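The values are calculated or read from the model by the stated rules, or taken from the named source; none is laboratory data. Everything quoted here is computed from the prediction, not taken from an experiment. Quick reminder, even Gly has a Cβ in these numbers, built from the backbone with ideal geometry, and neighbours come from all protein chains shown. Ligands, DNA and RNA are excluded from the accessible area calculation, which covers all protein heavy atoms including side chains. Shrake-Rupley method; radii C 1.70, N 1.55, O 1.52, S 1.80 Å.
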Amino acid sequence: MALNLRQKQTECIIRMLNLNQPVNPSGTANEEVYKILIYDKFCQNILSPLIHVKDLRKHGVTLYFLIDKDRKPVHDVPAVYFVQPNNPNIQRIVADASRSLYDSFHLNFSSSIPRPLLEDLASGTLNSDSIHRISKVHDQYLEFVTLEDNLFSLSQKSTYVQLNDPSAGDKEIEDIIERVVNGLFCVLATLAVVPIIRCPRGGPAEMVASALDQKLRDHLLSKNNLFSEGGGFVSSFQRPILCIFDRNFELSAGIQHDFRYRPLVHDILGLKLNRLSVPGEKGGMKSFELDSSDPFWMANGSLEFPEVAVEIETQLNKYKKDVDEVNKRTGGTAGAEFDGTDLIGNTKHLMNAVNSLPELTERKQVIDKHTNIATVLLGEIKERSLDAYVKKENDMMVRGGIDRNELMSVIKGKGTKIDKLRFAIMYIISSETINPSEAEAVEAALRESEVDTSAFQYVKKIKSLNVSLASANSASRSNIVDWAEKLYGQSISAVTAGMKNLLSGDRQLALTRTLEALMEGKPNPEIDSYLVFDPRAPKSSSGTSSSHLKGPFKEAIVFMIGGGNYVEYGSLQDLAQHQQPAKQVIYGTTEILTGMEFVEQLSLLGQKMGLGSSAAAASATH
């Protein structure tokens, strides 16, 4: 496929580590130069999922430090700086240069450095007579974190709170929008594509889309632009579509419990930057990496948890069989005299056995790792009866409500405080009309379990104001029957009977359904009102739609403002793989949040609006 974000970003970083020299096919620069790498916390997060320590060594990086640590001088060695363009970093670079810490400074900024900062850098190094040490200054346009080939995050914290904060002024909102636009611009510059942009009308999505459109237009007018089509980047003449949404478009996806492997690992074990720590069998914590180098994770991330457990078992049995096979081949027959006639055959088997050992060892490590993770997950699922949460939340979303007794039994049953709060919020979101006495009872039950109810009250308030939330859900519910018929070609009664099956793995999120419609490009009432921006078209025609803007599209980038999650990522990847022929969807977001982290942001907004239990407000102030 044409758009491999992970590969493109890694190539940019390797070029940067080689002092921005062209890199030969083996992936290293032509001349070996030993160097030091200096980065800030943000850029460390960009590097960590892509480059390991052994890769740094391969590219001649012998030492690496955080910029704010005290460092000793290392003479005769160039230093590669990879930092965000902000004032503290510039001051630190000037201080390092004036102390002549390193022989030469190759400065790489994660996004375009603003003019005033560049002037500060110049005047600071001139005043300390160290300007000759600055070899090069590069804008790298890498201000995003790529976690998988089709998954990225801008690592911009609490965007949802900032955009929905009732006290936020226009200036603050504009600053946030600008940050998001800069991040998206970096992604597009790295991919070297100018997409056609689509978004729903109004709200942050439109603000980001129109600002990004303007930024791309301005950039395309400049002489040395980053999107020269001659770069051979675009496999087809067709451009990708970039669809921008705001978290309120489908609030439920950020809150619901999910039973698939990838979302479970993220939601329960807190997968961060492709790493997680779980309690080991013998006590102590074990740290694991889950990325594209792990074949089991890549193959089974979208399966439901019980299927993953079966798959681990299968892999283990296969491994044992292969080990037995090797032992059998090299062990000879039991009790036979060794007469030398089979020496050549035996040697050959031994060679094969020796060669297959590393592969077998690696397989065993992967199996052990996932056995460990699955065991911890299973413990949590049983203790919190998460399977019941998943099933009941799905049922609520379909039926548009839940029986009162069932509702109360969940809230008074097993699960953590946050599990109960998430369930209560899902009840509010999925109910077509809210029964006040029922909502009161839920709130009282939450308080009884000592749960802070500000998030619950916040969502209830939004719902009563009838924001897009309600409409998005009624749409997804009235359509459930239409697309169930389309998907399964069954009568409605058969669908309702098989509802559990339909919903556990196959309930399409509104986001996925909307993207499918946008990629198909056929007239569709759900998306006909969506705005269209084409940064390459003359300004006058933007916002209207001409035929080439309608699709169909082979490649899409979906961007969620205000926090995304592995539930949406998985759903979009399923959509892409089940298309004939397969399409490609890259999913990005301002930050990747677990259900708990997102609910905490909702609680904060509730408190800012003066909602929630007084006890919680009091504890928040101490």
Karplus-derived HN-Hα couplings along segment 53-60 (A = 6.51, B = -1.76, C = 1.60, θ = phi - 60°), whole Hz, x at Gly and Pro: 4, 5, 5, 4, 4, 4, 9, x
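Do any trypsin sites (Lys or Arg not before Pro) in segment 263-303 lie in a DSSP loop with no more than 14 other beta carbon atoms within 10 Å, and if so, which?
Sites meeting the loop and neighbour criteria: K282.
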Could you calculate the contour length gain from R275 to E313, that is, 0.36 nm times the residue separation minus the distance between their Cα atoms, to one decimal place in nm? 11.3 nm
According to a simple spin-label model (label point 7 Å from Cα along Cα-to-Cβ), what is the distance in nm between Q21 and E440? 7.7 nm
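Determine, from the Cβ-Cβ distance of R329 and Y64 and an R0 of 45 Å, the FRET efficiency 1/(1 + (r/R0)^6), rounded to the nearest 0.05.
Numbers: r = 46 Å, r/R0 = 1.01.
E(calc), rounded to 0.05, equals 0.50.
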Output the Cα-based Rg and Dmax of segment 53-212 in Å, rounding Rg to one decimal and Dmax to a whole number. 18.8, 57
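Round to a whole number: what % of the accessible area of segment 36-161 belongs to carbon and sulfur, probe 1.4 Å? Could you put the intermediate results ahead of the total?
On the way: 2780 of 5340 Å².
The computed percentage sits at 52.
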Checking the a/c ratio against 1.5 first, then a/b against b/c, what shape does the Cα gyration tensor give for segment 157-267? oblate
So if we plug the beta-carbon distance of R201 and Q579 into 1/(1 + (r/R0)^6) with R0 = 41 Å, what FRET efficiency do we get, rounded to 0.05? 0.95
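Of all the C-alpha pairs in segment 202-330, what % are more than 16 Å from each other?
Working: 6593 of 8256 pairs.
Percent of Cα pairs beyond 16 Å in segment 202-330: 80.
Can you give the extra length, in nm with one decimal, that the chain gains between I131 and K412 once fully stretched, where that is 0.36 nm per residue apart less the Cα-Cα distance? Before the final figure, lay out each step's value.
Working: separation 281, 0.36 × 281 = 101.16 nm, distance 6.71 nm.
So the extension gain works out to 94.5 nm.
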In whole Hz, the Karplus estimates of ³J(HN,Hα) for segment 149-164 (6.51, -1.76, 1.60; θ = phi - 60°; x where Gly or Pro) are 3, 10, 9, 9, 9, 8, 6, 9, 6, 6, 4, 4, 4, 5, 6, 9
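Ignoring ligands, DNA and RNA, what percent of the 1.4 Å accessible area of segment 357-400 is carbon and sulfur? Mind dumping the intermediate values first?
Working: 1180 of 2080 Å².
Ligands and nucleic acids excluded, carbon and sulfur reach 56 percent.
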Going by a ≥ b ≥ c, the root eigenvalues of the Cα gyration tensor, does segment 1-95 fall in the rounded group (a/c under 1.5), the prolate group (a/b larger than b/c) or the oblate group? oblate
Put a dot 7 Å past each Cα toward the Cβ at D322 and N87; how far apart are the dots in nm? 5.7 nm
Using a probe of 1.4 angstrom, how much of the accessible area of segment 235-334 is carbon and sulfur, in percent? 56 percent
Which residues' amide hydrogens lie under 5 Å from the amide hydrogen of Y587, considering only partners 5 or more residues apart or on another chain, with H built in the peptide plane? L151, F152, V558
If you stretched the chain out fully between K348 and Q44, how much longer would it get, using 0.36 nm times the residue separation minus the C-alpha to C-alpha distance? 104.7 nm
Centre separation in Å (Cα based) which lies between segment 400-450 and segment 28-102: 51 Å
May I ask you to list the lysines whose Cα is less than 17 Å away from that of K328, ignoring any residue fewer than eight positions away on the same chain? K318, K320, K348
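Please list S167, S100 in order of solvent-accessible area, largest first, computed with a 1.4 Å probe with all protein chains present. Show your work: numbers first, answer last.
Numbers: S167 90, S100 35 Å².
Of S167, S100, the descending order of accessible area is S167, S100.
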Tell me, what is the per residue accessible area of segment 127-187 in Å², probe radius 1.4 Å? 43 Å²
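Is the shape of segment 391-469 best called rounded, prolate or oblate, per the rule: a/c under 1.5 gives rounded, else a/b larger than b/c gives prolate, else oblate, with a ≥ b ≥ c the square roots of the Cα gyration tensor eigenvalues? Display every interim value, and only then the final one.
Details: a/c = 1.62, a/b = 1.20, b/c = 1.35.
It is oblate, given that a/c is not under 1.5 and a/b is not larger than b/c.
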Would you please name the trypsin sites (Lys or Arg not before Pro) within segment 33-95 that are DSSP coil residues with at most 15 other C-beta atoms within 10 Å of their C-beta? K69
Long-range amide H contacts for Y64: which residues qualify at under 5 Å (H placed 1.01 Å from N, peptide plane, sequence gap of 5 or more or a different chain)? L37
Describe numerically, in nm with one decimal, the distance between label points set 7 Å from Cα along Cα→Cβ at T371 and at L117. 4.9 nm
Taking a probe of 1.4 angstrom, what is the accessible area of H257 in Å², to the nearest 10? 10 Å²
